[in-house]
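Notes follow once the structure below has been shown.
The values are calculated or read from the model by the stated rules, or taken from the named source; none is laboratory data. Only a predicted model underlies this, so the values are computations on that prediction, with no experimental measurement involved. We place every Cβ from the backbone using ideal geometry, glycine too, and count neighbours over all the protein chains shown. Keep in mind that these areas ignore ligands, DNA and RNA; they rest on the heavy atoms of the full protein, side chains included. Shrake-Rupley method; radii C 1.70, N 1.55, O 1.52, S 1.80 Å.
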Amino acid sequence: ILNVEQSPQSLHVQEGDSTNFTCSFPSSNFYALHWYRWETAKSPEALFVMTLNGDEKKKGRISATLNTKEGYSYLYIKGSQPEDSATYLCAFTHSSNSGYALNFGKGTSLLVTP
Amino acid sequence: DTAVSQTPKYLVTQMGNDKSIKCEQNLGHDTMYWYKQDSKKFLKIMFSYNNKELIINETVPNRFSPKSPDKAHLNLHINSLELGDSAVYFCASSRMKGRLNTEAFFGQGTRLTVV
């Protein structure tokens, strides 16, 4: 299994703060980078899938960027709300498994307090 | 309608038993997966199937045997259950576009407890 690192492991912010997390992955033979949001007692839900170096995706207050050459992706949340509290997972696919497996990081656990 | 459904949601069983977890997706996806969530909430790939064919088997003990009767189903059978098999197992599906996996849709998980 290929190594995906996410930082920080956990984060506690106040409502209204903006925040960002990092996902690092091997940069060679890259296929795609996924971000998922995982609320307690629910299933992971996809936020973004990015494939090209320089890709930027946005969904409401959440956005993500991708740098495949250096092997990292950032997830940004603008004006955090309590309902943003969740674990944010990144996963990437790689030519060694022909893109058929998502290799997940351990996630960043975000807590937003009012 | 649930997109990816797993049954049962909870499974408590004794060591040595054989059990199955069923997964069905109604999204028309061609790729299905089993993931294991360990005690630290880390999701690890176990198996990946594409069009009923096994693609990925990530060093899972051969007590675990996936079965895909058709593209919409991927069941997980576990023989001779051990205490260490206790975990939450997630089924997921996605569509392949060339070499690219589109976003995965996950089932609600099956919490297996071996006593």
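Converting phi to 3J(HN,Hα) with the Karplus coefficients 6.51, -1.76 and 1.60 and the offset θ = phi - 60°, segment B:104-113 yields 8, 10, 9, x, 7, x, 10, 8, 9, 10 Hz in sequence order, with x at every glycine or proline. The residues of chain B present an accessible area of 50 Å² per residue when probed at 1.4 Å with all protein chains retained.
When +1 charges are put on Lys and Arg Cβ atoms and -1 charges on Asp and Glu Cβ atoms, the dipole computed for the protein assembly as shown relative to its Cα centre reaches about 220 debye.
Taken one residue at a time, the phi angles of segment B:53-63 give Karplus couplings (6.51, -1.76, 1.60, θ = phi - 60°) of 9, 5, 10, 10, 9, 8, 6, 8, x, 6, 5 Hz. Gly and Pro are set to x. Per-residue 3J(HN,Hα) values for segment A:24-40, derived from phi via the Karplus relation 6.51 cos²θ - 1.76 cosθ + 1.60 with θ = phi - 60°, read 10, 8, x, 8, 7, 6, 6, 10, 7, 10, 10, 10, 10, 10, 10, 7, 4 Hz in sequence order (x marks Gly and Pro).
Can you tell me the length gained on complete extension of the stretch A:Ser27 to A:Glu5, counting 0.36 nm per residue apart and subtracting the Cα distance?
Details: separation 22, 0.36 × 22 = 7.92 nm, distance 1.25 nm.
Once the chain is fully extended between A:Ser27 and A:Glu5, it gains 6.7 nm.
Of the solvent-accessible surface of chain B, computed with a 1.4 Å probe over protein heavy atoms with every protein chain present, carbon and sulfur atoms account for 47 percent.
For A:Leu111, the residues 5 or more places off, or on other chains, whose built amide H falls under 5 Å of its own are A:Leu11, A:His12, A:Val13. A Förster radius of 25 Å combined with the Cβ-Cβ distance from B:Asp70 to B:Asn17 puts the calculated FRET efficiency at roughly 0.40. To put it simply, the accessible area of chain A at a 1.4 Å probe is 45 percent carbon and sulfur.
Between the residues A:Ser73, B:Ile55, A:Leu111, the greatest Cα displacement towards the positive end of the dipole of the protein assembly as shown, with unit charges on the Cβ of Lys, Arg, Asp and Glu, is found for B:Ile55.
About the Cα centre of segment A:24-114, how large is the charge dipole given +1 on each Lys and Arg Cβ and -1 on each Asp and Glu Cβ? Please answer in debye to the nearest 20. Could the numbers behind the result be given before it?
Working: 9 positive and 7 negative charges, 16 e Å.
So the magnitude is around 80 debye.
Among B:Asp30, B:Asp85, B:Asp70, the largest mean-square fluctuation in a Gaussian network model of chain B (Cα springs under 10 Å) belongs to B:Asp70. Among the listed pairs A:Lys78/B:Lys44; B:Lys67/B:Lys97; A:Lys69/B:Lys71; A:Lys59/A:Lys106, which are separated by more than 28 Å between their Cα atoms? Checking Cα-Cα distances, A:Lys78/B:Lys44; A:Lys69/B:Lys71 exceed 28 Å. For B:Lys40, the shell of other residues with beta-carbons less than 15 Å away shows a net charge of +2, using +1 for Lys and Arg and -1 for Asp and Glu.
Return one quarter of the surface area of the convex hull spanned by the alpha-carbon atoms of the protein assembly as shown, equal to its mean projected area, in nm².
For the protein assembly as shown, the mean projected area of the Cα convex hull comes to 12.3 nm².
Report the A-B buried area as the accessible area lost on both sides summed, probe 1.4 Å, in Å² to the nearest 100. Buried surface at the A/B interface: approximately 2100 Å².
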